[in-house]
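Written below as structure tokens is the structure these notes are about.
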Amino acid sequence: MECFSYLNRALESSLSPIVIFATNRGICTVRGTDMTSPHGIPVDLLDRLVIIRTQTYGPAEIIQILAIRAQVEELVVDEESLAFLGEIGQQTSLRHAVQLLSPASVVAKINGRDNICKADLEEICSLYLDAKSSAKLLQEQQEKYIT
């Protein structure tokens, strides 16, 4: 609750900052109180906010973002590979798909190519797990680890 009080005071100051909240919480309890409120934010602070709903990226948008990222990193990726990477981005996360570009580039160079092909991405996918798959694997094999 003290944090929300601080934010209220900061927003009233002459040098008012721009504050961005990101949440996926629904109606829940405000921490430190027994009140329930949308997003777990006190109503007096919530009244001052502009709420912008976001949507998940579609396959075409993910592919476009990956193509831009590859261009920024000066990587050559063919259409088939971009489509495959887009599927990975949809199944896991955009962050994971973007993070696969650099190691795939290294594998392509080792194989004597300047462009990333689908085989490079398949090899990299077998080596690197996304966060959810890694957590699931750790959960399934937790008895093998020291606690």
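Around the Cα centre of the chain, unit charges on the Cβ atoms of Lys, Arg, Asp and Glu (plus for the first two, minus for the last two) sum to a dipole of about 420 debye. Comparing 77, 106, 19 in a Gaussian network model of the chain, where Cα atoms under 10 Å apart are tied by springs, the biggest mean-square fluctuation is seen for 19. Each Cα pair under 8 Å and six or more residues apart adds its sequence gap; the mean of these over the residue count of region 59-136 is a relative contact order of 31 percent. Cross-link partners for residue 132 among the lysines, with Cα-Cα distance under 28 Å and sequence neighbours closer than 8 places in the same chain left out: 118, 144.
Proximity of backbone amide H atoms, modeled 1.01 Å from N, is registered between residue 76 and 116 at under 5 Å, excluding neighbours fewer than 5 places apart on the same chain. Here the relative contact order of the chain, from alpha carbon pairs under 8 Å that lie six or more residues apart, stands at 14 percent. Based on DSSP H segments of at least four residues, each scored -39500 (n - 2.57), the chain has a per-residue ellipticity at 222 nm of -15500 deg cm²/dmol.
For the pair residue 12 and residue 53, label points projected 7 Å from Cα toward Cβ lie 3.3 nm apart. The alpha carbon radius of gyration of region 2-46, expressed as a multiple of 2.2 N^0.38 Å, is 1.21. If R0 equals 35 Å, the separation of the Cβ atoms of residue 144 and residue 102 corresponds to a calculated FRET efficiency of about 0.70. If you work out Cα extents along the principal axes in Å from the coordinates, which of (i) 60, 45, 25; (ii) 45, 40, 28; (iii) 82, 31, 18 do you get? The calculated read-out lines up with (i). The stretch between residue 69 and residue 95 holds 8.3 nm of extra length on full extension. This uses 0.36 nm per residue minus the Cα-Cα distance.
Assuming 0.36 nm per residue, please report the length gained on full extension of the stretch residue 134 to residue 46 beyond their Cα-Cα distance.
Working: separation 88, 0.36 × 88 = 31.68 nm, distance 3.60 nm.
Contour length minus the Cα-Cα distance gives 28.1 nm.
With charges set only on the Cβ (+1 for Lys and Arg, -1 for Asp and Glu), what does the dipole of region 41-110 come to about its Cα centre, in debye to the nearest 20? Taking the Cα centre of region 41-110 as origin, the dipole is about 200 debye.
Rounded to the nearest 10 degrees, the angle from helix 118-127 to the longest Cα principal axis of the chain is 60 degrees. Taking 0.36 nm per residue of sequence separation and removing the Cα-Cα distance, the residue 118/residue 34 pair yields an extension gain of 24.9 nm.
Read-outs: derived from the displayed coordinates by stated rules, not from any lab. Model, not experiment: these values are computed from the prediction. Using ideal geometry, Cβ is built from the backbone for each residue, glycine included, and neighbour counts are taken over all protein chains shown.
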